[in-house]
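The values are calculated or read from the model by the stated rules, or taken from the named source; none is laboratory data. Note that the coordinates shown come from a computational prediction; the quantities given were computed from them, not determined experimentally. Here the Cβ is made from the backbone with ideal geometry for all residues, glycine too, and neighbour counts use every protein chain on show. Only protein heavy atoms, including side chains, enter the accessible area calculation; ligands, DNA and RNA are left aside. Shrake-Rupley method; radii C 1.70, N 1.55, O 1.52, S 1.80 Å.
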Amino acid sequence: MAAASAPIKPEQANSSAKTKQIRVSRRSPGYWRVTIDNPPINVMGPEMVRQFQELIDALEADEHVKVVVFDSAVDGYFLNHSDFLAKLEDLTSLPDGPTGLPPWPDFLVRLTRAAFVSIALIRGRATGNGSEVTLACDMSFASREKTIISQWEVGVGMVAGGGPMARLPRLIGRNRALEVLLSSEDIRADEAEAYGYINRALPDSDLDAFVDGFATRIAKFDKWAIAQTKRLVNTCLPPDVELGAGWDACIASLGRPAAQEGIKELIARGFHRPGDVEDRLGYYLGEITR
Amino acid sequence: MAAASAPIKPEQANSSAKTKQIRVSRRSPGYWRVTIDNPPINVMGPEMVRQFQELIDALEADEHVKVVVFDSAVDGYFLNHSDFLAKLEDLTSLPDGPTGLPPWPDFLVRLTRAAFVSIALIRGRATGNGSEVTLACDMSFASREKTIISQWEVGVGMVAGGGPMARLPRLIGRNRALEVLLSSEDIRADEAEAYGYINRALPDSDLDAFVDGFATRIAKFDKWAIAQTKRLVNTCLPPDVELGAGWDACIASLGRPAAQEGIKELIARGFHRPGDVEDRLGYYLGEITR
Amino acid sequence: MAAASAPIKPEQANSSAKTKQIRVSRRSPGYWRVTIDNPPINVMGPEMVRQFQELIDALEADEHVKVVVFDSAVDGYFLNHSDFLAKLEDLTSLPDGPTGLPPWPDFLVRLTRAAFVSIALIRGRATGNGSEVTLACDMSFASREKTIISQWEVGVGMVAGGGPMARLPRLIGRNRALEVLLSSEDIRADEAEAYGYINRALPDSDLDAFVDGFATRIAKFDKWAIAQTKRLVNTCLPPDVELGAGWDACIASLGRPAAQEGIKELIARGFHRPGDVEDRLGYYLGEITR
């Protein structure tokens, strides 16, 4: 079970010149780990989105993978909100994926519909994009002590872009989905578990062994049986166009004064760098608005 | 945050000659409170249904409202079953609402689809109509000690008229929805929370401050972002025709001997006035039937 | 409340020559009990499937039945996996039911859509078929100490044939449904209750009285009101074709080497007879695969 570091596509040495923000290792041919690594606060910018596209291409093309676990190498953050210091054009100019959706919702839709199993191992903040990956994965297990999950967008005048409006109501019911989305509050692991937002919260000291055991177990099962079972479960999914509509609303929200002023004021208070605003984002969203 | 009493439509002084059963106040332009006030037991008759129509007209026409909280001024009752001492014709002769549905399901559908946020603050019994408003609201928070919620209709030979057959299965799963509907039992706040029937149960002493803080927070957020987020969540709603079908079944049930005899026997035992039958309705439903 | 033993169809004395694996009694005209009784481990073979067809024919034809409770006469097992010692042809050669589906999914679909109420009283293992009957019933109540429920199929290289891919995501959310299906783990009553997989777990000593009281209560209510309420709730059901697709995938899986070898190895270890492999099936599924 030694972890072999495996570049996604060896021939793309050029793009590897850019920092690897998503590292892939294979614990076995059937069991991959994907480690998100963009310190200091694991924001997601255009380059990470591009790497998620490479990742899903590689996963879909692999005959052997049965289970992939997403985790983080950055202390305190599973995966954070988007990079607001990057140029929006660098994101919106990325080509659409094979589903016809822009690359972020394209990645999420393909991950959910994939023939292999995806698991989010959450430790630290899963804000915005981190929550959206969690919801796109087939299952999620979180550190009871160290997890905070949130869809913070409405609190800053935005609309979420990665599908929580489509996915959360079907997972936790419309009323709790609206509470999560419209309050924009930080949610701790126990509450997320009680709502069914995550599969389970586990003691931090048990989490890694639990997820590794779980993934190792599934990786021994028959890939055809896994894929058929997922295919039949996936009839319950929202249509992909709903994720496209959410993405469009998100991009539209970024062009409006409410979001621009909200993000500007948050940054003035310390957002987007390590510190109290990132640590207690839910609280500060209630402070910035008039 | 002084509460300014605000008549819904000042020009309608005539109808205000009738008792105001629904009082509206604005804590701020963005934050309205609607207080249900029909003592002694907060039943809903044709006049209250008419006032709910006025309310939703006013809310939809207002540019500023972002959140509305429903509460009660009647001790022990959030909102109770229908008024069985009123003439049914006074209800069924009310004109259909803009959705084409009769006024009660019309109000509920419009509340759910509205661009603003609706919150039920529940203290006391939410029986029948009270549960239906709760399910139509975007969120609900309830007194842990003082809340009883139920759909009692099947127990008296009726079918519920305000949409729980359409809404509950999507919120708490079909099997628990059927338990709620077919048992017709009284459900306490803790169990309602465990099932996801309400968002959360809170200690009675904390409830008002919690809901007020929650509503005040949302009222500071951007209305466009709220409305877009709700619009995208609302793809998960049952079609409005399902509420129409439920209403039709309810009216049909009222014309059948089972319901007529059930209601008559309940009234003979003390139903429809303060006392033990109203307090423990679930128990008495098991007693009246042969 | 004396239990009167009632043959399903008195004229079918011939088939009664075969062992009665499903015993029906009427506690009252409105309240039936169905007791599954195929010792020693309550597997479901072709004969039991045929008897489930007889049962649902009888239930649908009866004017008086309002509620049916399913329980077991076999210690330790509510209803277990299929009989792998029977000839598959004896199952697949049974004629399709009135829905056009093969008899097992036909029975499950008709039970769910029936005008009467169905309740699973679970004590012991509900593995595979036992879980599928539970999900097809309108409600389920389980012994807290003695219940283990699971969909074990993927762990042995199979796909489940009685609809859990269609039903579980709508009941407990897609992510927990996939955890149940893809882990193939044994699930205890407390966890099943927390996930909403069953309605409630009760102390073993309270379970029988609770379910009997619950069924007796509902049996006093008006059948028309029950049927109309169920009809309106049933708009949330997955289309029947989804259960047909699951059945087809199950039969296909049985023809593949993965399942054939998995079942063979399980049997070599003690599966299909009383003992540790049946008692801890989830554990052994993790052991047999390479």
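Here is a yes/no grid of residues against (1) part of a loop (DSSP other than H, G, I, E, B); (2) out of contact with any strand residue (DSSP E or B) (no Cβ under 8 Å at 6 or more places or on another chain); (3) away from chain A (no Cβ under 14 Å); (4) at pLDDT below 95:
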site	(1), (2), (3), (4)
C:PHE107	no, yes, yes, no
C:SER118	no, no, yes, no
C:ARG144	no, no, yes, no
C:ALA194	no, yes, no, no
Would you confirm whether any residue within segment B:68-89 is on the phi < 0 side of the Ramachandran plot, among the basic types (Lys, Arg) and surrounded by fewer than 20 Cβ atoms within 10 Å (Cβ to Cβ)? yes
Return the residues of segment A:90-115 that are over 22 Å from A:ASP138 (Cβ atoms) and either of a type in the set (A, V, I, L, M, F, W, C) or buried (at least 20 other Cβ atoms within 10 Å of the Cβ) (or both); say none if nothing qualifies. A:LEU91, A:LEU94, A:PRO102
Restricting to segment C:88-98, name every residue that is more than 16 Å from C:GLU54 (Cβ to Cβ) and part of a loop (DSSP other than H, G, I, E, B). C:SER93
Select from segment B:20-71 the residues that are more than 29 Å from B:ASP276 (Cα to Cα) and of a type in the set (Gly, Ala, Ser) and list them in ascending order. B:SER25, B:SER28, B:GLY30, B:ALA58, B:ALA61
Positions within segment A:280-290 being surrounded by fewer than 16 Cβ atoms within 10 Å (Cβ to Cβ), part of a loop (DSSP other than H, G, I, E, B) and within 10 Å of chain B (Cβ to nearest Cβ), in sequence order: A:ARG290
Among the residues of segment B:236-260, write down those that are over 21 Å from the mean Cα position of the chain (by Cα), among the polar types (S, T, N, Q) and buried (at least 17 other Cβ atoms within 10 Å of the Cβ). none
Single residue of A:SER150, A:SER205, A:SER183 found to be hydroxyl-bearing (Ser, Thr, Tyr), away from chain B (no Cβ under 14 Å) and farther than 17 Å from A:THR112 by Cα: A:SER205
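Each row is one residue, and each column tells you yes or no for (1) in a helix (DSSP H, G or I); (2) more than 18 Å from B:ARG33 (Cβ to Cβ); (3) open to solvent by less than 10 Å² (accessible area, probe 1.4 Å).
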{"site": "B:GLY124", "(1), (2), (3)": "no, no, yes"}
{"site": "B:THR134", "(1), (2), (3)": "yes, no, yes"}
{"site": "B:GLY162", "(1), (2), (3)": "no, yes, yes"}
{"site": "B:MET165", "(1), (2), (3)": "yes, yes, yes"}
{"site": "B:ALA177", "(1), (2), (3)": "yes, yes, yes"}
Can you pull out the residues in segment A:208-244 that are closer than 23 Å to A:PRO164 by Cβ, assigned to a helix (DSSP H, G or I) and more than 10 Å from chain C (Cβ to nearest Cβ)? A:VAL211, A:ASP240, A:VAL241, A:GLU242, A:LEU243, A:GLY244
Taking segment C:139-187 on its own, how many of its residues are without any contact (Cβ under 8 Å) to a residue 24 or more places away in the chain and at positive phi? 1
Of the residues in segment B:72-86, those that are farther than 24 Å from B:LEU207 by Cα, assigned to a loop (DSSP other than H, G, I, E, B) and either in contact with a strand residue (DSSP E or B) (Cβ under 9 Å, 6 or more places away or on another chain) or without any contact (Cβ under 8 Å) to a residue 40 or more places away in the chain (or both) number 1
Give the number of residues within segment C:141-152 that are open to solvent by less than 10 Å² (accessible area, probe 1.4 Å) and either charged (D, E, K, R) or farther than 21 Å from C:VAL49 by Cβ (or both). 4
Residues that are open to solvent by less than 40 Å² (accessible area, probe 1.4 Å) and modelled with pLDDT under 95: does segment A:261-279 have at least one? no
Given (1) more than 8 Å from every other protein chain (Cβ to nearest Cβ); (2) in contact with a strand residue (DSSP E or B) (Cβ under 8 Å, 6 or more places away or on another chain); (3) farther than 18 Å from C:LEU243 by Cβ, where does C:ASN175 come up short, assuming only one miss? (1)
If C:ASP138 satisfies all but one of (1) in contact with a strand residue (DSSP E or B) (Cβ under 8 Å, 6 or more places away or on another chain); (2) within 14 Å of chain B (Cβ to nearest Cβ); (3) of a type outside the set (A, V, I, L, M, F, W, C); (4) open to solvent by 10 Å² or more (accessible area, probe 1.4 Å), what's the number of the condition it fails? (4)
Subset tally (residues that are in contact (Cβ under 8 Å) with a residue 60 or more places away in the chain and of a type in the set (Phe, Trp, Tyr)) for segment B:29-62: 1
Restricting segment B:196-207 to residues that are open to solvent by 30 Å² or more (accessible area, probe 1.4 Å) and outside any helix (DSSP H, G or I), the residue that is farthest from B:GLY173 (Cα to Cα): B:PRO203
Within segment C:256-268, can one find any residue that is facing chain B (nearest Cβ under 10 Å) and either more than 21 Å from B:GLU179 (Cα to Cα) or not polar (S, T, N, Q) (or both)? no
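Per-residue answers, yes or no, for (1) farther than 29 Å from A:ASN175 by Cα; (2) not aliphatic (A, V, I, L, M):
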| position | (1), (2) |
| --- | --- |
| A:ALA209 | yes, no |
| A:LYS223 | yes, yes |
| A:ASN234 | no, yes |
| A:VAL277 | no, no |
